[in-house]
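Undergrad: Following this message is one structure expressed as structure tokens.
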Amino acid sequence: MENAIFVLILSAIFYVYVYIKRRPGLLSLYSFFGIQWLYYWLGTYLIIIGFFPNNVFGGMALNNNGEVVSVFLLFNALSLFVFSLIYLVFGRIDRSAARTFEPPVEKKYAKKHVFFIFLILTIFNVLMLVLSVKTRYMGADWLTHSINANIRNVFVGVFIYYMLVEKIELLTLIVFLGFCFSTFLYGGRMYLLVATAAYMAYLFNRRIINVRHLVILGLVGSLFLSAIALYRSNIIDRVVRTPKYLLMPIYADSVFSAYPALYIIDRWQRGGITYYTMFTHYLVDSVLIYVPNFVYAASGENKIAESGLLASWQDDNGGIGRMSPQGGFHYIAEAMAAGGFFGIIAFSALLAFIFIFFERMRRRGLSGQFFYYSFLGVAGVDIVSEKFAWCFRYFTQNVFSVLLLIFIVQLFSEGAVNLKRKRALALERSK
């Protein structure tokens with residue numbers, strides 16, 4: 001274990017060196033990856049050394065297996081080293097982009113068009129609030145849950161676009177706070193995290209908030225998200241009796257998401273991996289993720305969780321329930337499913353290239369900033385802990401929703417212009 005920690009520290013030092021060398025920015029994709037990387041192995045490590053109890057996570061015996069945890073830490077160190085090395089060699093990001101003032105992007109639409117987007121977001125907030133109340137207090141079927149979740153994903157994409165074109169920051173804040181309130185009732189933290197990551201990075205890069213504000217907002221946000229988790233899991237009575245449960249929301253996601261990696265590593269060490277997906281699941285599952293729920297309803301399956309190449313691989317290598325008993329799927333686990341040890345190296349390098357590509361889009365006007373902040377929101381909170389197909393869907397659904405919105409705005413705009421022309425021609429003819 002000590003050797004694994006030593007290698008882990010060395011990789012972290014190299015990561016910091018690359019950060020100083022390239023200076024991508026405090027709230028850049030590079031920084032967000034480093035934060036996730038640390039969080040999603042730290043919970044497991046704190047359990048193995050006895051700082052956090054493991055008995056609150058029933059059935060996760062591998063959290064106490066020192067040999068498996070050591071290999072998990074070594075693989076994390078390897079991944080971070082490869083990721084940082086790619087950034088060092090190819091990540092020649094403009095050094096002035098670290099945190100220079102970003103003027104508001106070009107305003108392509110008149111005030112009435114921006115107000116139209118504000119109106120859509122307000123309607124979404126009201127609708128999400130109604131659905132959340134119904135879900136939480138009145139009971140709801142899977143269709144209501146699905147509608148609520150999809151509206152939230154669309155909302156996030158439109159919100160990111162709106163924050164780029166709205167001149168009045170107070171209106172953006174009002175829309176965001178409305179989303180926070182409905183999220184507290186609904187309990188789905190992921191969509192709020194995506195919107196928050198993009199929003200905070202945007203405000204920081206615009207110099208509207210500084211590091212001190214980030215620290216304060218981070219503490220408040222952690223308490224808020226912990227309250228959502230406690231409220232959603234109905235363990236308030238346990239917290240009163242046993243204070244250790246109060247820490248659960250802080251490290252639970254880390255432990256849940258890391259466990260599939262521990263399971264696969266244990267199976268890999270014992271030679272129990274039957275085959276690898278050879279990276280094909282990254283492409284195939286990213287398409288299958290868009291298949292509607294009702295297609296699977298007849299067979300009783302739960303969408304991509306029980307279908308697709310990666311899910312089939314899980315079934316053939318121990319089963320989804322044993323591999324990922326509480327949800328979440330660490331990116332190292334998915335990379336090992338793709339190609340074992342080599343999969344970790346290849347996917348870490350690919351991830352760095354993708355991040356560099358989006359970092360460079362940040363300076364390309366409105367469309368570039370929208371793609372950048374949309375990707376930052378998803379990758380900044382989910383790329384380490386969730387299956388790649390789900391991250392792909394969150395990002396592309398954000399993009400598709402905004403493209404549809406722009407089409408509608410332009411359609412109404414052209415219709416209004418044509419109507420004005422017809423009225424002007426009619427007026428001239430009447431004269």
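The values are calculated or read from the model by the stated rules, or taken from the named source; none is laboratory data. Predicted model only: the values in this text are computed from it and were never measured. Here the Cβ positions follow ideal geometry from the backbone for every residue, glycine too, while neighbour counts run over all protein chains shown.
Undergrad: How many residues, within the range 384-406, are surrounded by 20 or more Cβ atoms within 10 Å (Cβ to Cβ), among the aromatic types (Phe, Trp, Tyr) and more than 10 Å from the chain's Cα centre (by Cα)?
TA: 1
Undergrad: Can you say whether THR172 is out of contact with any strand residue (DSSP E or B) (no Cβ under 7 Å at 6 or more places or on another chain), within 18 Å of MET200 (Cα to Cα), at pLDDT below 85 and assigned to a helix (DSSP H, G or I), as far as the supplied structure shows?
TA: On the way: out of contact with any strand residue (DSSP E or B) (no Cβ under 7 Å at 6 or more places or on another chain): yes; within 18 Å of MET200 (Cα to Cα): yes; at pLDDT below 85: no; assigned to a helix (DSSP H, G or I): yes.
So THR172 does not fit the description; no.
Undergrad: Please enumerate the residues belonging to the range 337-357 that are touching a residue at least 12 places away in the same chain (Cβ under 8 Å) and either over 20 Å from LYS387 (Cα atoms) or outside any helix (DSSP H, G or I) (or both).
TA: ILE356, the sole residue that qualifies.
Undergrad: Identify all residues within the range 270-290 that are touching a Phe, Trp or Tyr at 6+ places or on another chain (Cβ under 9 Å), under 19 Å from LEU351 (Cα atoms) and polar (S, T, N, Q); write none if there are none.
TA: THR277, SER286
Undergrad: Of SER385, SER367, which residue is among the hydroxyl-bearing types (Ser, Thr, Tyr) and farther than 23 Å from MET190 by Cα? Working first, answer last.
TA: Values: SER385 fails: farther than 23 Å from MET190 by Cα.
One residue alone meets the criteria, SER367.
Undergrad: Name the residue, out of ALA311, ALA261, ALA333, ALA346, that is at pLDDT 85 or above and in contact with a Phe, Trp or Tyr (Cβ under 6 Å, 6 or more places away or on another chain).
TA: Numbers: ALA311 fails: in contact with a Phe, Trp or Tyr (Cβ under 6 Å, 6 or more places away or on another chain); ALA333 fails: in contact with a Phe, Trp or Tyr (Cβ under 6 Å, 6 or more places away or on another chain); ALA346 fails: in contact with a Phe, Trp or Tyr (Cβ under 6 Å, 6 or more places away or on another chain).
Answer to the selection: ALA261.
Undergrad: Are there any pairs with C-beta distances below 8 angstrom linking a residue in the range 17-28 that is farther than 17 Å from VAL82 by Cα to a residue that is surrounded by fewer than 17 Cβ atoms within 10 Å (Cβ to Cβ) and β-branched (Val, Ile, Thr), with the two at least 6 apart or on different chains, and if so which?
TA: LEU26/VAL211
Here's the yes/no breakdown for (1) under 20 Å from the mean Cα position of the chain (by Cα); (2) at pLDDT below 85; (3) of a type outside the set (Asp, Glu):
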site	(1), (2), (3)
THR183	yes, yes, yes
VAL194	yes, no, yes
TYR202	yes, no, yes
ARG212	no, no, yes
LEU246	no, yes, yes
TYR276	no, no, yes
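Undergrad: Also, I was wondering about something else. For ARG241, work out the one condition from (1) at pLDDT below 90; (2) more than 24 Å from the chain's Cα centre (by Cα); (3) under 26 Å from LEU62 (Cβ atoms) it doesn't fulfil.
TA: The number of the failed condition is (3).
Undergrad: Which number in (1) buried (at least 23 other Cβ atoms within 10 Å of the Cβ); (2) modelled with pLDDT under 90; (3) more than 10 Å from the chain's Cα centre (by Cα) marks the one condition that VAL381 misses?
TA: (3)
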